[in-house]
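Heads up, the thing below is written out as structure tokens.
The values are calculated or read from the model by the stated rules, or taken from the named source; none is laboratory data. Quick caveat, the model's predicted, so the values are computed rather than measured. Don't worry about glycine lacking a Cβ; one is built from the backbone with ideal geometry, like all the others, and counts go over all protein chains shown.
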Amino acid sequence: MEKVIKLVHCADIHLGSEPTFLKSKATLRGEELLLTFEKLIDFCQMEKVDILLIAGDLFESNNISDRYIKSVISAFAKIPDTIIAICGGNHDPITLDCAFNNNTLSDNVIIFSDFQTYRFPARGFMISGAGFTSSAQSSTNFHNKKAEGNLINIGIFHGDIYSSESDKNPISVSDIENSDYDYIALGHIHARTEIIRHDNVFYAYSGCLEGRGFDEVGKKGFYYGEIGKGYNNLKFIQAGKRVHYIIDVDISSCSNLSDMEKKIELEMHKHSKDISKDLFKINLIGGIPQSFSFSTEALVARFSEKVFYIKVIDKTTYEVDFNVLAQENSLMGIFAKKMLSKIENAKSEEEKTMLKQALNFGIKASHSKLGGIYED
Ligand SMILES: [Mn+2]
């Protein structure tokens, strides 16, 4: 077989960020991002990785606590045989006051701002890339580039392949596919792609290393494996210490908090290997009798020792015969009658659904359940 090299591709680590929704656990979570990154460095050392690619947004901003920067720089120095290629992201652009310009880095680290190529002929590869030099960049820094020579050509970029209108380095897929690069490591989009192949060009978004909120659900990590000319066996490795899950739980068969607790826990275990480590957003769904009222706060309290974080959103509906209610001579009766006529005359399915929800919210509000309805 032709020469292959070992590679790790990660991106969007956002060191220095502390998810504020976690309140008293936010600082702990911020520290965990750093710990996961340090584990990744240990992994590179153990596996004797040739190249570690960090495709932008290593830091949450250019204005983060010095301890994060110091930890990262000493971690880099621990793996002198691994070439560490980093490009600036929109969160940590390469500016005069960025971490990399103001600190001495070990010789194994290369930083990309304007497009540049570094050649390592003795090791059989070359790395080309570009990074952000300010927080926005409307034209791409990867246009009409072509692979050259016999070395394995690697690219590293932070940008958006999904929108040509993006002001975050809109990279065109055809520029990638026509580049003849052997592998292009992308950052910026926090949801990973599979390894995409076009002829002998391979490319991927690794996604972020750790989820930091419920817009980053599921297992997070990095790509690791061997690449060569026309060869790529990169595999996803889960690295995140904790996983965020959003789960719909139908509680229509429950008649008290204890039933609900059991049902929710059962659903959690279906998704998570260790619920005590993970974060859950539980959407309660299903129809419940009007007589059944519960407090989402009380439900959350039942999980305080069982999970790292839980948020409960009440999306249940009341099993009410609205037509009967509409006959009632009461405020709710009048409300139901008006809403039913609006639903009847709705011009679209969307409008109908929205009006039905409004009817439900109204009925729930009359039962003082407002606290559980709104999502923050
Ligand atoms: Mn990012």
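Laid out as a table, the results:
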read-out	value
Search result, residues across region 51-68 that are buried (at least 24 other Cβ atoms within 10 Å of the Cβ) and more than 16 Å from the ligand (Cβ to nearest atom)	Ile51, Leu52
Total residues in region 56-81, condition more than 15 Å from Ile41 (Cα to Cα) and either of a type in the set (A, V, I, L, M, F, W, C) or touching a helix residue (DSSP H, G or I) at 6+ places or on another chain (Cβ under 6 Å) (or both)	2
Single residue of region 7-20 satisfying the filter (away from the ligand (no atom under 16 Å from the Cβ) and in contact with a strand residue (DSSP E or B) (Cβ under 8 Å, 6 or more places away or on another chain)) that is nearest to Lys281 (Cα to Cα)	Val8
Residue match in region 272-281 (condition: farther than 16 Å from Ile13 by Cα, crowded, with 22+ Cβ neighbours inside 10 Å and under 24 Å from the mean Cα position of the chain (by Cα))	yes
Tally, over region 305-351, of residues that are among the charged types (D, E, K, R) and within 38 Å of the chain's Cα centre (by Cα)	10
Selection within region 73-97 - touching a Phe, Trp or Tyr at 6+ places or on another chain (Cβ under 8 Å), without any contact (Cβ under 8 Å) to a residue 60 or more places away in the chain and part of a loop (DSSP other than H, G, I, E, B)	Asp92, Pro93, Ile94
Residue match in region 155-175 (condition: of a type in the set (Phe, Trp, Tyr) and surrounded by fewer than 20 Cβ atoms within 10 Å (Cβ to Cβ))	yes
Ala122 being surrounded by fewer than 20 Cβ atoms within 10 Å (Cβ to Cβ) and within 16 Å of the ligand (Cβ to nearest atom)	no
Residues of region 112-136 that turn out to be without any contact (Cβ under 8 Å) to a residue 60 or more places away in the chain and within 24 Å of the chain's Cα centre (by Cα), as a count	7
Top-ranked residue of region 334-350 - restricted to ones that are touching a residue at least 12 places away in the same chain (Cβ under 8 Å) and among the hydrophobic types (A, V, I, L, M, F, W, C), ranked as farthest from Val320 (Cα to Cα)	Ile343
Single residue of region 22-37 satisfying the filter (touching a residue at least 24 places away in the same chain (Cβ under 8 Å) and surrounded by 15 or more Cβ atoms within 10 Å (Cβ to Cβ)) that is nearest to the ligand (Cβ to nearest atom)	Leu33
Criterion (crowded, with 20+ Cβ neighbours inside 10 Å, farther than 16 Å from Phe125 by Cα, within 16 Å of the ligand (Cβ to nearest atom) and not basic (Lys, Arg)) met by exactly one of Leu234, Leu186	Leu186
Hits in region 137-156 - residues which are at pLDDT 95 or above and within 27 Å of the chain's Cα centre (by Cα)	Ile154, Gly155, Ile156
Members of region 189-220 found to be within 16 Å of the ligand (Cβ to nearest atom) and over 10 Å from the mean Cα position of the chain (by Cα), listed by number	Thr193, Ala204, Tyr205, Ser206
Ile264 vs. criteria among the β-branched types (Val, Ile, Thr) and in contact with a strand residue (DSSP E or B) (Cβ under 8 Å, 6 or more places away or on another chain)	yes
Residue check for Ser71: away from the ligand (no atom under 16 Å from the Cβ), at pLDDT 95 or above and surrounded by 14 or more Cβ atoms within 10 Å (Cβ to Cβ)	yes
Flag for Lys48 being assigned to a loop (DSSP other than H, G, I, E, B), more than 16 Å from the ligand (Cβ to nearest atom), surrounded by fewer than 20 Cβ atoms within 10 Å (Cβ to Cβ) and more than 19 Å from the chain's Cα centre (by Cα)	yes
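So that you can scan it fast, the table gives a plain yes or no per residue for (1) under 18 Å from Ser106 (Cα atoms); (2) modelled with pLDDT of 95 or more:
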position	(1), (2)
Leu58	yes, yes
Asn63	no, no
Ile79	yes, yes
Ile86	yes, yes
Asn90	no, yes
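Each row is one residue, and each column tells you yes or no for (1) of a type in the set (Asp, Glu); (2) touching a Leu at 6+ places or on another chain (Cβ under 7 Å).
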{"site": "Ser291", "(1), (2)": "no, no"}
{"site": "Glu305", "(1), (2)": "yes, no"}
{"site": "Thr316", "(1), (2)": "no, yes"}
{"site": "Glu319", "(1), (2)": "yes, no"}
{"site": "Ser330", "(1), (2)": "no, no"}
{"site": "Gly333", "(1), (2)": "no, yes"}
{"site": "Met339", "(1), (2)": "no, yes"}
